[in-house]
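Q: Please read through the structure below; I'll follow up with questions.
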Amino acid sequence: MSRTQRITALLLVLILPILAACGGSGGASPSASGGTSGSASASPSTAASASPSTAASASPSTAASSSASASPRTSASASPSGSASASASTGGAATATADETAVTGVGAPADETAIVGAGAPTDETATVAAGAPTEIDLSAIPVEQGARLRFAAAGNTTEQQLYQSGADRFNELFADQDVQITFEPVPAEYETTVTAAFAGGNAPDVFLVNGPLMSQLGTQGQLLALDSAMEQAGRSADDFYPQLIELYQFNNQTYGLPKDFNPLVLFVNTQIAQEAGVDPASITSWDTLRSAAEAMTEGEGAGGRRGLCFAPDIERFGAFMLQNGNPIIENNQAVFNQPSGVEAITFFRDLQQAGFADTFQGLGGGWCGEVFAQQAAAMTIEGGWMVPFLADPANGAQDLQYTAVVLPTPPNGEQSSLLFTNAFGANAATQYPNAAAAAVLFLTSEQNQQALIESGLAQPSLQSLANDPYYTTNEVASVLVEGAQGGRVSETTFGGVQNKADVVRILNQTAIEQVFVGGADPQQALDQAAQEVNSTLQQ
């Protein structure tokens with residue numbers, strides 16, 4: 001790219017956001033399907049509470065915890081055009097149809113942050129004020145001339161489009177150095193595929209890193225430390241939400257940069273709520289959640305509707321334990337069976353027994369998003385992966401009107417939620433460590449994450465992007481991004497990346513499923529699970 005072309009591109013970077021602010025639609029296009037949302041599983045025994053996508057930073061099975069710090073009175077609904085119309089609700093709830101939340105430009109270049117390209121003179125850089133994003137200078141990293149990088153990640157079609165477009169932007173940025181990255185999608189068995197590639201000496205240079213891979217590779221010296229490249233480019237770990245990046249740090253070094261996150265929130269069908277006389281913005285406590293679930297329950301059996309659908313998964317109920325002041329693991333010991341933890345599980349067990357709530361299996365669905373889309377339940381506890389799922393015409397819910405509110409809290413409790421996240425990392429054995437590190441920095445940059453925001457797939461991991469103008473016009477997205485404040489990452493909540501899978505498996509199989517599917521007593525089931533978890537933690 002010539003100097004004139006670079007200057008022209010940078011002028012467009014400055015002008016396009018202004019034009020968009022003056023006359024752009026602000027909002028979204030055709031739909032994305034489940035995005036960075038997480039792995040889905042219909043079976044309670046697998047402990048994955050169902051989100052449609054395998055890559056996802058939103059999935060309970062791959063990610064972590066968050067508490068939405070939005071005001072408990074905050075309530076919002078998805079707006080297709082990116083602008084939610086405020087309702088008369090005192091809580092400021094806004095309502096719109098699901099098809100109004102779809103993707104505007106999957107792979108569209110981010111226009112509100114300038115990144116200095118390799119070989120570009122530094123006086124050509126600029127940062128546009130969209131929440132004061134941090135400028136990074138990738139030209140300061142001495143990338144290897146002619147580097148050829150392989151980039152692997154799992155994901156559905158929409159995610160793959162986002163990854164491919166990110167790779168295309170990176171290649172354009174480093175065209176003068178003839179550096180190229182090739183995206184290689186992994187359609188299934190992602191962790192198995194990546195670990196096998198490392199064992200066979202054919203691992204990709206850059207790839208998606210989740211908690212299990214961080215545990216397997218990061219602690220064994222197989223991930224590239226990124227700290228030197230971060231310092232060269234001017235990227236600080238403090239630019240990311242601390243609870244996200246801490247997951248990918250080991251022995252004071254950084255081995256992955258979070259690419260996005262999703263919290264848990266409460267989704268509410270606004271049409272059903274209105275018919276039942278329920279103001280979604282009033283659902284701020286466990287008591288009001290129960291009242292709302294009762295009011296929106298109608299009929300019995302297969303043809304009836306429950307007020308709430310929940311997954312029999314500790315990666316849902318754990319958020320409510322935390323709200324009630326009860327950690328899951330503390331000092332390498334199970335403490336989830338303390339009275340406040342038992343109280344959280346008992347609350348939902350009582351809702352189920354009263355007929356106001358049920359599991360997705362009990363409501364005939366593969367996961368709660370499906371049940372919610374079919375209007376067999378008026379509310380559900382899920383993450384941002386719901387937005388593109390509901391917007392996808394293939395799921396038959398594009399006209400469904402819904403809203404999102406932060407998770408209701410118990411008396412004297414604190415707002416808390418679980419956060420789910422993934423990262424990008426690089427192979428420590430790559431032939432091109434500088435180029436690979438530059439790719440990780442680019443893929444997690446403001447410029448590249450900007451394309452993600454309006455897709456609804458997940459929320460950006462950089463704190464500066466929480467101030468993006470999109471979040472002032474789409475209130476559901478605003479509720480989701482605010483979930484990072486005070487949120488707790490799933491891996492760290494459930495005993496760390498090395499223990500999480502076992503802790504979640506034991507809790508789900510020994511306690512949660514036994515209570516909600518088998519009818520067991522909550523205290524007894526949690527006590528048994530605590531014994532098994534402690535045995536595992538002590539190994």
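Q: When you go through (1) surrounded by fewer than 24 Cβ atoms within 10 Å (Cβ to Cβ); (2) in contact (Cβ under 8 Å) with a residue 24 or more places away in the chain one by one for Thr472, which number turns out not to apply?
A: Every condition holds for Thr472 apart from (2).
A quick yes/no check of all residues on (1) part of a helix (DSSP H, G or I); (2) surrounded by fewer than 19 Cβ atoms within 10 Å (Cβ to Cβ); (3) among the aliphatic types (A, V, I, L, M):
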site: Leu213; (1), (2), (3): yes, no, yes
site: Leu217; (1), (2), (3): yes, no, yes
site: Glu231; (1), (2), (3): yes, yes, no
site: Arg235; (1), (2), (3): no, no, no
site: Ile245; (1), (2), (3): yes, no, yes
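Q: Here's a follow-up. Return the pair list, or none, for Cβ contacts closer than 7 Å from residues in segment 149-174 that are outside the structural domain of Phe389 (by TED's automatic domain parsing) to residues that are among the β-branched types (Val, Ile, Thr) and in a helix (DSSP H, G or I), at least 6 apart or on different chains.
A: Ala152/Val194; Glu159/Thr36
Q: Could you check segment 459-480 and list, in sequence order, the residues that are more than 14 Å from the chain's Cα centre (by Cα), within 27 Å of Glu246 (Cβ to Cβ) and assigned to a loop (DSSP other than H, G, I, E, B)?
A: Asp468 - this is the single residue of segment 459-480 that is more than 14 Å from the chain's Cα centre (by Cα), within 27 Å of Glu246 (Cβ to Cβ) and assigned to a loop (DSSP other than H, G, I, E, B).
Q: For Arg305, work out the one condition from (1) touching a residue at least 12 places away in the same chain (Cβ under 8 Å); (2) under 27 Å from the mean Cα position of the chain (by Cα) it doesn't fulfil.
A: Here Arg305 clears every test but (2).
Q: Can you name the condition, by its number, that Leu480 falls short on among (1) farther than 26 Å from Gln160 by Cα; (2) in contact with a Gly (Cβ under 8 Å, 6 or more places away or on another chain)?
A: Answer for Leu480: the failing condition is (1).
Q: If I ask for residues that are not in a helix (DSSP H, G or I) and not small (Gly, Ala, Ser), which ones from segment 268-293 would you list?
A: Pass one, segment 268-293, residues not in a helix (DSSP H, G or I): 268-269, 276-279, 283-285.
Residues satisfying the conditions are Val268, Asn269, Val278, Asp279, Ile283, Thr284.
Q: So, one more: If I ask for residues that are out of contact with any Phe, Trp or Tyr (no Cβ under 9 Å at 6 or more places or on another chain) and either part of a strand (DSSP E or B) or of a type outside the set (Gly, Ala, Ser) (or both), which ones from segment 191-210 would you list?
A: Glu191, Thr192, Thr193, Thr195, Phe198, Asn202
Q: Here's something else I'd like to know. Residues of segment 172-191 being closer than 17 Å to Gln161 by Cα and among the small types (Gly, Ala, Ser), which ones?
A: Ala188
Q: Checking Ser416 against (1) in a loop (DSSP other than H, G, I, E, B); (2) more than 23 Å from the chain's Cα centre (by Cα); (3) closer than 30 Å to Thr219 by Cα, which test does it fail?
A: Condition (2) is where Ser416 drops out.
Q: Of Ala429, Ala520, Ala439, which residue is out of contact with any Asp or Glu (no Cβ under 6 Å at 6 or more places or on another chain) and in a helix (DSSP H, G or I)? Walk me through it before giving the result.
A: Details: Ala429 fails: in a helix (DSSP H, G or I); Ala520 fails: in a helix (DSSP H, G or I).
Step by step, each of Ala429, Ala520, Ala439 is checked, and only Ala439 is out of contact with any Asp or Glu (no Cβ under 6 Å at 6 or more places or on another chain) and in a helix (DSSP H, G or I).
Q: Further question: Quick check on segment 516-539: of everything there that is small (Gly, Ala, Ser) and crowded, with 16+ Cβ neighbours inside 10 Å, which residue is farthest from Val335 (Cα to Cα)?
A: Quick first cut of segment 516-539, residues small (Gly, Ala, Ser) only: 518-520, 525, 529-530, 535.
Adding the requirement that they be crowded, with 16+ Cβ neighbours inside 10 Å leaves 520, 525, 529-530.
Numbers: Ala520: 19, Ala525: 13, Ala529: 10, Ala530: 7 Å.
The residue in question is Ala520.
Q: How many residues does segment 331-365 hold that are assigned to a strand (DSSP E or B) and more than 27 Å from the chain's Cα centre (by Cα)?
A: Step one: list which residues in segment 331-365 are assigned to a strand (DSSP E or B), which gives 333-334, 357-359.
Next, only the ones that are more than 27 Å from the chain's Cα centre (by Cα) stay: 333.
Qualifying residue count, segment 331-365: 1.
Q: Could you look through segment 374-383, keep only residues that are over 16 Å from Arg316 (Cα atoms) and touching a residue at least 40 places away in the same chain (Cβ under 8 Å), and pick out the one that is surrounded by the most Cβ atoms within 10 Å (Cβ to Cβ)?
A: Filtering segment 374-383 down to residues over 16 Å from Arg316 (Cα atoms) leaves 374-378.
Filter once more, keeping what is touching a residue at least 40 places away in the same chain (Cβ under 8 Å): 375-378.
On the way: Gln375: 13, Ala376: 20, Ala377: 28, Ala378: 30.
That would be Ala378.
Q: So, Asn427, is that one surrounded by fewer than 21 Cβ atoms within 10 Å (Cβ to Cβ) and touching a residue at least 40 places away in the same chain (Cβ under 8 Å) or not?
A: Details: surrounded by fewer than 21 Cβ atoms within 10 Å (Cβ to Cβ): no; touching a residue at least 40 places away in the same chain (Cβ under 8 Å): yes.
In short, no.
Q: Name the single residue, out of those in segment 294-307 being part of a helix (DSSP H, G or I) and out of contact with any helix residue (DSSP H, G or I) (no Cβ under 8 Å at 6 or more places or on another chain), that is surrounded by the most Cβ atoms within 10 Å (Cβ to Cβ). Break it down into steps so the answer makes sense when it comes.
A: Looking only at segment 294-307, we keep the residues that are part of a helix (DSSP H, G or I), and these are 294-296, 301-303.
Among the residues that remain, those that are also out of contact with any helix residue (DSSP H, G or I) (no Cβ under 8 Å at 6 or more places or on another chain) are: 295, 301-303.
On the way: Ala295: 17, Gly301: 5, Ala302: 8, Gly303: 8.
Applying the filter and picking the extreme gives Ala295.
Q: Quick one: in segment 426-447, which of the residues that are polar (S, T, N, Q) and at pLDDT 95 or above is nearest to Gln222 (Cα to Cα)? Quick ask: steps written out before the conclusion?
A: Looking only at segment 426-447, we keep the residues that are polar (S, T, N, Q), and these are 427, 430-431, 434, 444-445, 447.
With at pLDDT 95 or above added as a condition, the list becomes 427, 430-431, 434, 444-445.
Working: Asn427: 6, Thr430: 10, Gln431: 13, Asn434: 16, Thr444: 20, Ser445: 23 Å.
Of everything passing the filter in segment 426-447, Asn427 is nearest to Gln222 (Cα to Cα).
Q: Also, quick follow-up: So in segment 384-401, with the set limited to residues that are in a loop (DSSP other than H, G, I, E, B) and touching a helix residue (DSSP H, G or I) at 6+ places or on another chain (Cβ under 7 Å), which one is surrounded by the most Cβ atoms within 10 Å (Cβ to Cβ)?
A: Gly384
Q: Scan Glu159, Glu144, Glu184, Glu135 and give me the residue that is at pLDDT below 95 and not in a helix (DSSP H, G or I).
A: Values: Glu159 fails: not in a helix (DSSP H, G or I); Glu144 fails: at pLDDT below 95; Glu184 fails: at pLDDT below 95.
Within the list Glu159, Glu144, Glu184, Glu135, the selection yields Glu135.
The values are calculated or read from the model by the stated rules, or taken from the named source; none is laboratory data. This one's a predicted model, so the numbers in the text were calculated from it and none came from an experiment. Backbone-built Cβ (ideal geometry, glycine too); neighbour counts: all protein chains shown.
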